[in-house]
Amino acid sequence: MSIVQWHDRFNIGVENVDRQHRRLFSIIDKLLDLNEDESKQQHACREGVKYLKSYTLKHFADEEDYMQSIGYEGYAMHKRLHDNMRDNTLPALERELEEENYSQESVHHFLGICVGWLNGHIMIEDRAIAGKTSNKWIHSKSDDELKSLEKAVCQALLHLYRVRAELVSQHYSGEDFSAGTALCYRLSYRDQNDKPLQVFFLYEEKMILGVLSGMLGKPVDRIDKTVVYAIKSISQRFMDCVSSHFELPDQYRLQKVDMLTFEQLVRNFDKEYPPYSLLFNIEQKGYFGFCVK
(Lines give C-alpha, C1' and ligand atoms only; values in the text may rest on other atoms or scores of the structure.)
Protein backbone atom coordinates (compact mmCIF):
# COMPACT_ATOMS: atom_id res chain seq x y z
CA MET A 1 0.00 0.00 0.00
CA SER A 2 1.33 3.44 -0.86
CA ILE A 3 2.23 5.88 1.91
CA VAL A 4 -0.65 8.12 2.95
CA GLN A 5 0.37 11.71 2.38
CA TRP A 6 -1.53 14.94 2.79
CA HIS A 7 -1.72 17.22 -0.25
CA ASP A 8 -3.06 20.76 -0.42
CA ARG A 9 -5.53 19.60 -3.08
CA PHE A 10 -7.45 17.92 -0.24
CA ASN A 11 -8.23 21.30 1.34
CA ILE A 12 -11.86 22.32 0.95
CA GLY A 13 -11.36 25.78 2.43
CA VAL A 14 -13.07 25.20 5.79
CA GLU A 15 -10.35 25.36 8.44
CA ASN A 16 -11.86 23.04 11.05
CA VAL A 17 -12.76 20.40 8.45
CA ASP A 18 -9.34 20.62 6.76
CA ARG A 19 -7.57 20.36 10.11
CA GLN A 20 -9.50 17.23 11.02
CA HIS A 21 -8.81 15.71 7.61
CA ARG A 22 -5.08 16.28 8.10
CA ARG A 23 -5.31 14.56 11.47
CA LEU A 24 -7.08 11.55 9.94
CA PHE A 25 -4.31 11.20 7.34
CA SER A 26 -1.72 11.39 10.12
CA ILE A 27 -3.42 8.65 12.16
CA ILE A 28 -3.70 6.30 9.18
CA ASP A 29 -0.08 6.93 8.19
CA LYS A 30 0.99 5.98 11.72
CA LEU A 31 -1.09 2.80 11.56
CA LEU A 32 0.57 1.85 8.28
CA ASP A 33 3.97 2.13 9.94
CA LEU A 34 2.83 0.12 12.96
CA ASN A 35 1.44 -2.63 10.74
CA GLU A 36 4.90 -3.15 9.22
CA ASP A 37 6.55 -3.52 12.65
CA GLU A 38 5.78 -7.07 13.84
CA SER A 39 7.09 -6.38 17.35
CA LYS A 40 4.48 -3.64 17.88
CA GLN A 41 1.90 -4.55 15.29
CA GLN A 42 -0.92 -6.28 17.18
CA HIS A 43 -1.37 -4.23 20.37
CA ALA A 44 -0.46 -0.91 18.76
CA CYS A 45 -2.79 -1.44 15.82
CA ARG A 46 -5.66 -2.39 18.13
CA GLU A 47 -5.27 0.83 20.09
CA GLY A 48 -4.68 2.85 16.94
CA VAL A 49 -7.83 1.53 15.27
CA LYS A 50 -9.89 2.46 18.35
CA TYR A 51 -8.53 5.99 18.23
CA LEU A 52 -9.07 6.29 14.47
CA LYS A 53 -12.69 5.20 14.85
CA SER A 54 -13.32 7.62 17.71
CA TYR A 55 -11.78 10.53 15.85
CA THR A 56 -13.62 9.63 12.63
CA LEU A 57 -17.02 9.68 14.36
CA LYS A 58 -16.22 13.03 15.98
CA HIS A 59 -15.22 14.38 12.57
CA PHE A 60 -18.47 13.15 10.99
CA ALA A 61 -20.53 14.91 13.68
CA ASP A 62 -18.60 18.17 13.31
CA GLU A 63 -18.79 18.08 9.52
CA GLU A 64 -22.53 17.40 9.63
CA ASP A 65 -23.02 20.34 12.02
CA TYR A 66 -21.16 22.56 9.55
CA MET A 67 -23.24 21.38 6.58
CA GLN A 68 -26.43 22.12 8.47
CA SER A 69 -25.16 25.56 9.53
CA ILE A 70 -24.73 26.61 5.88
CA GLY A 71 -27.90 24.88 4.65
CA TYR A 72 -25.97 22.52 2.36
CA GLU A 73 -28.51 20.96 -0.03
CA GLY A 74 -26.53 17.71 -0.36
CA TYR A 75 -26.62 17.11 3.39
CA ALA A 76 -28.99 14.10 3.35
CA MET A 77 -26.91 12.03 0.92
CA HIS A 78 -23.66 13.07 2.58
CA LYS A 79 -24.96 11.97 5.96
CA ARG A 80 -26.03 8.63 4.45
CA LEU A 81 -22.41 8.06 3.40
CA HIS A 82 -21.22 8.88 6.91
CA ASP A 83 -23.87 6.59 8.42
CA ASN A 84 -22.91 3.74 6.08
CA MET A 85 -19.26 4.06 7.08
CA ARG A 86 -20.16 4.24 10.78
CA ASP A 87 -22.90 1.56 10.87
CA ASN A 88 -21.75 -0.93 8.20
CA THR A 89 -18.14 -0.53 7.11
CA LEU A 90 -16.31 0.16 10.36
CA PRO A 91 -18.14 -2.55 12.39
CA ALA A 92 -17.56 -5.15 9.65
CA LEU A 93 -13.88 -4.27 9.42
CA GLU A 94 -13.51 -4.33 13.20
CA ARG A 95 -15.04 -7.82 13.36
CA GLU A 96 -12.57 -9.01 10.75
CA LEU A 97 -9.69 -7.53 12.74
CA GLU A 98 -10.80 -9.27 15.94
CA GLU A 99 -11.50 -12.61 14.25
CA GLU A 100 -8.07 -12.59 12.60
CA ASN A 101 -6.34 -11.28 15.76
CA TYR A 102 -5.17 -8.12 14.04
CA SER A 103 -3.12 -9.98 11.45
CA GLN A 104 -1.17 -7.86 8.98
CA GLU A 105 -3.56 -8.86 6.20
CA SER A 106 -6.68 -7.90 8.15
CA VAL A 107 -5.11 -4.55 9.07
CA HIS A 108 -4.25 -4.11 5.39
CA HIS A 109 -7.93 -4.65 4.52
CA PHE A 110 -8.98 -2.17 7.17
CA LEU A 111 -6.54 0.52 6.06
CA GLY A 112 -7.12 -0.15 2.36
CA ILE A 113 -10.81 0.59 2.75
CA CYS A 114 -10.19 3.59 5.03
CA VAL A 115 -7.53 5.15 2.78
CA GLY A 116 -9.57 4.69 -0.38
CA TRP A 117 -12.78 5.91 1.24
CA LEU A 118 -11.11 8.96 2.79
CA ASN A 119 -9.39 9.98 -0.45
CA GLY A 120 -12.54 9.63 -2.53
CA HIS A 121 -14.82 11.17 0.08
CA ILE A 122 -12.69 14.28 0.52
CA MET A 123 -12.01 14.81 -3.18
CA ILE A 124 -15.64 14.38 -4.22
CA GLU A 125 -18.23 14.68 -1.46
CA ASP A 126 -16.36 17.03 0.89
CA ARG A 127 -15.15 19.35 -1.86
CA ALA A 128 -18.76 19.48 -3.10
CA ILE A 129 -19.69 21.15 0.21
CA ALA A 130 -17.55 24.13 -0.84
CA GLY A 131 -18.81 24.03 -4.43
CA LYS A 132 -15.45 22.82 -5.78
CA THR A 133 -16.80 19.66 -7.41
CA SER A 134 -20.06 17.76 -8.01
CA ASN A 135 -21.34 14.87 -5.94
CA LYS A 136 -20.95 11.55 -7.80
CA TRP A 137 -23.70 9.80 -5.82
CA ILE A 138 -26.31 11.07 -8.27
CA HIS A 139 -28.80 8.22 -7.99
CA SER A 140 -29.74 7.48 -4.40
CA LYS A 141 -31.59 4.24 -3.72
CA SER A 142 -33.78 3.64 -0.70
CA ASP A 143 -32.66 1.52 2.22
CA ASP A 144 -35.35 -1.04 1.33
CA GLU A 145 -34.03 -1.38 -2.24
CA LEU A 146 -30.46 -1.79 -1.05
CA LYS A 147 -31.48 -4.31 1.61
CA SER A 148 -33.42 -6.28 -0.98
CA LEU A 149 -30.41 -6.43 -3.29
CA GLU A 150 -28.10 -7.30 -0.39
CA LYS A 151 -30.34 -10.26 0.47
CA ALA A 152 -30.44 -11.45 -3.16
CA VAL A 153 -26.65 -11.23 -3.53
CA CYS A 154 -26.09 -13.11 -0.27
CA GLN A 155 -28.46 -15.84 -1.42
CA ALA A 156 -26.64 -16.11 -4.77
CA LEU A 157 -23.28 -16.37 -3.02
CA LEU A 158 -24.61 -19.12 -0.78
CA HIS A 159 -26.22 -20.99 -3.68
CA LEU A 160 -23.34 -20.77 -6.17
CA TYR A 161 -20.24 -20.48 -4.00
CA ARG A 162 -21.52 -22.09 -0.77
CA VAL A 163 -20.32 -19.16 1.32
CA ARG A 164 -21.96 -16.65 3.63
CA ALA A 165 -21.34 -12.95 3.19
CA GLU A 166 -21.31 -9.94 5.47
CA LEU A 167 -22.05 -6.49 4.07
CA VAL A 168 -19.11 -4.10 4.37
CA SER A 169 -20.57 -1.14 2.46
CA GLN A 170 -23.79 -0.11 0.73
CA HIS A 171 -21.88 2.61 -1.11
CA TYR A 172 -18.70 1.07 -2.47
CA SER A 173 -16.85 3.68 -4.55
CA GLY A 174 -13.79 1.84 -5.83
CA GLU A 175 -11.55 1.58 -2.76
CA ASP A 176 -8.51 -0.62 -3.46
CA PHE A 177 -8.47 -3.24 -0.70
CA SER A 178 -6.81 -6.14 -2.52
CA ALA A 179 -3.37 -7.28 -1.41
CA GLY A 180 -3.04 -9.37 -4.55
CA THR A 181 -4.87 -9.59 -7.85
CA ALA A 182 -8.52 -8.66 -8.24
CA LEU A 183 -10.64 -10.30 -10.93
CA CYS A 184 -13.09 -7.80 -12.40
CA TYR A 185 -15.86 -8.53 -14.88
CA ARG A 186 -18.40 -6.32 -16.64
CA LEU A 187 -21.64 -7.79 -17.93
CA SER A 188 -23.27 -5.48 -20.49
CA TYR A 189 -27.01 -5.73 -21.17
CA ARG A 190 -29.44 -3.82 -23.39
CA ASP A 191 -33.22 -3.75 -23.35
CA GLN A 192 -35.64 -3.61 -26.30
CA ASN A 193 -35.19 0.16 -26.50
CA ASP A 194 -31.39 -0.19 -26.56
CA LYS A 195 -31.11 1.14 -23.01
CA PRO A 196 -27.86 -0.12 -21.45
CA LEU A 197 -27.39 -1.81 -18.10
CA GLN A 198 -23.96 -2.75 -16.76
CA VAL A 199 -23.18 -5.11 -13.90
CA PHE A 200 -19.70 -5.20 -12.36
CA PHE A 201 -18.24 -8.08 -10.36
CA LEU A 202 -15.11 -7.59 -8.28
CA TYR A 203 -13.46 -10.66 -6.75
CA GLU A 204 -10.44 -10.43 -4.48
CA GLU A 205 -7.85 -13.07 -5.40
CA LYS A 206 -7.84 -14.44 -1.85
CA MET A 207 -11.62 -14.87 -2.01
CA ILE A 208 -11.56 -16.72 -5.35
CA LEU A 209 -8.83 -19.14 -4.31
CA GLY A 210 -10.49 -19.87 -0.97
CA VAL A 211 -13.95 -20.39 -2.44
CA LEU A 212 -12.79 -22.60 -5.33
CA SER A 213 -10.66 -24.70 -2.98
CA GLY A 214 -13.74 -25.33 -0.86
CA MET A 215 -15.93 -26.13 -3.86
CA LEU A 216 -13.43 -28.54 -5.43
CA GLY A 217 -12.24 -30.12 -2.21
CA LYS A 218 -8.59 -29.51 -3.06
CA PRO A 219 -6.21 -26.53 -2.90
CA VAL A 220 -6.38 -23.95 -5.68
CA ASP A 221 -3.32 -21.77 -5.18
CA ARG A 222 -3.15 -19.54 -8.25
CA ILE A 223 -5.28 -17.67 -10.77
CA ASP A 224 -4.93 -19.29 -14.20
CA LYS A 225 -7.01 -19.28 -17.38
CA THR A 226 -9.24 -22.05 -16.11
CA VAL A 227 -10.09 -20.04 -13.00
CA VAL A 228 -10.66 -16.87 -15.03
CA TYR A 229 -13.13 -18.58 -17.38
CA ALA A 230 -14.83 -20.49 -14.55
CA ILE A 231 -15.53 -17.29 -12.61
CA LYS A 232 -16.68 -15.56 -15.80
CA SER A 233 -19.22 -18.34 -16.38
CA ILE A 234 -20.39 -18.41 -12.76
CA SER A 235 -20.82 -14.62 -12.82
CA GLN A 236 -23.36 -14.99 -15.61
CA ARG A 237 -25.24 -17.62 -13.60
CA PHE A 238 -25.00 -15.28 -10.61
CA MET A 239 -27.06 -12.72 -12.48
CA ASP A 240 -29.77 -15.31 -13.08
CA CYS A 241 -30.12 -15.53 -9.30
CA VAL A 242 -30.60 -11.79 -8.78
CA SER A 243 -32.19 -10.79 -12.10
CA SER A 244 -35.70 -10.56 -10.66
CA HIS A 245 -34.63 -7.27 -9.04
CA PHE A 246 -33.99 -5.80 -12.48
CA GLU A 247 -36.43 -7.80 -14.61
CA LEU A 248 -33.57 -8.94 -16.83
CA PRO A 249 -35.17 -12.09 -18.28
CA ASP A 250 -37.96 -10.19 -20.05
CA GLN A 251 -36.46 -6.78 -20.76
CA TYR A 252 -32.69 -7.11 -20.98
CA ARG A 253 -30.41 -9.30 -23.06
CA LEU A 254 -26.76 -9.96 -22.34
CA GLN A 255 -24.58 -8.42 -25.05
CA LYS A 256 -21.05 -9.21 -23.89
CA VAL A 257 -18.85 -10.00 -20.92
CA ASP A 258 -15.56 -8.14 -20.50
CA MET A 259 -12.73 -8.81 -18.12
CA LEU A 260 -11.35 -5.55 -16.70
CA THR A 261 -8.34 -4.51 -14.72
CA PHE A 262 -9.11 -2.93 -11.37
CA GLU A 263 -8.11 0.46 -12.82
CA GLN A 264 -10.50 0.00 -15.75
CA LEU A 265 -13.32 -0.88 -13.38
CA VAL A 266 -12.73 2.24 -11.28
CA ARG A 267 -12.68 4.41 -14.43
CA ASN A 268 -16.28 3.36 -15.00
CA PHE A 269 -17.04 5.35 -11.84
CA ASP A 270 -15.37 8.56 -13.10
CA LYS A 271 -18.55 10.57 -13.74
CA GLU A 272 -20.91 8.99 -11.24
CA TYR A 273 -21.03 6.07 -8.85
CA PRO A 274 -23.35 3.14 -9.60
CA PRO A 275 -26.71 3.51 -7.86
CA TYR A 276 -26.27 -0.04 -6.55
CA SER A 277 -22.72 -0.59 -5.29
CA LEU A 278 -22.22 -3.18 -2.56
CA LEU A 279 -19.09 -4.61 -0.95
CA PHE A 280 -19.05 -7.86 1.03
CA ASN A 281 -16.64 -9.82 3.22
CA ILE A 282 -16.86 -13.52 2.37
CA GLU A 283 -16.33 -15.52 5.59
CA GLN A 284 -12.87 -13.97 6.02
CA LYS A 285 -11.92 -15.51 2.66
CA GLY A 286 -11.72 -12.14 0.97
CA TYR A 287 -13.82 -9.34 -0.49
CA PHE A 288 -16.48 -9.30 -3.20
CA GLY A 289 -17.99 -6.27 -4.92
CA PHE A 290 -21.27 -6.14 -6.85
CA CYS A 291 -22.23 -2.94 -8.68
CA VAL A 292 -25.07 -2.12 -11.08
CA LYS A 293 -25.56 0.96 -13.23
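The values are calculated or read from the model by the stated rules, or taken from the named source; none is laboratory data. All values derive from a computational prediction rather than experimental measurement. Neighbour counts run over all protein chains shown; Cβ positions are idealised from the backbone, glycine included. Note: accessible area is taken over every heavy atom of the protein model, side chains too, but ligands, DNA and RNA are not part of it. Shrake-Rupley method; radii C 1.70, N 1.55, O 1.52, S 1.80 Å.
By a 1.4 Å probe calculation restricted to protein chains, Asp8 has an accessible surface near 120 Å², given to the nearest 10. Structure remark: mean-square fluctuation, Gaussian network model of the chain, C-alpha springs under 10 Å; the largest value among Ile282, Ile234, Ile124 belongs to Ile234. Of the listed residues Arg23, Arg127, the order by accessible area with a 1.4 Å probe, largest first, is Arg23, Arg127.
Dipole magnitude for the chain: computed about the Cα centre from +1 point charges on Lys and Arg Cβ and -1 point charges on Asp and Glu Cβ, it is near 680 debye. The GluC sites (Glu not before Pro) of the range 29-113 that DSSP puts in a loop, and whose beta carbon has at most 15 other beta carbons within 10 Å, are Glu38, Glu73, Glu100. Rounded to the nearest 20 debye, the dipole size of the range 10-145 about its Cα centre is 440 debye, using +1 on the Cβ of Lys and Arg and -1 on the Cβ of Asp and Glu.
Per-residue ellipticity at 222 nm computed for the chain from its helices equals -16500 deg cm²/dmol, with DSSP H segments shorter than 4 residues left out and the rest contributing -39,500 (n - 2.57). Membrane-span-like helices in the chain (whole DSSP H runs, Cα extent of at least 20 Å along the helix axis, mean Kyte-Doolittle hydropathy of at least -1.0): 15-36, 104-120, 143-161, 225-242.
Inter-label distance, Arg22 to Ser213: 4.6 nm, where each label sits 7 Å from its Cα along the C-beta direction.
The solvent-accessible area of Glu283, taken with every protein chain present and a 1.4 Å probe, is close to 70 Å².
Using only side-chain charges placed at the Cβ, +1 for Lys and Arg and -1 for Asp and Glu, the dipole size of the range 142-257 relative to its Cα centre rounds to 560 debye.
Rolling a 1.4 Å probe over the heavy atoms of the protein chains gives the chain an accessible area of 48 Å² per residue.
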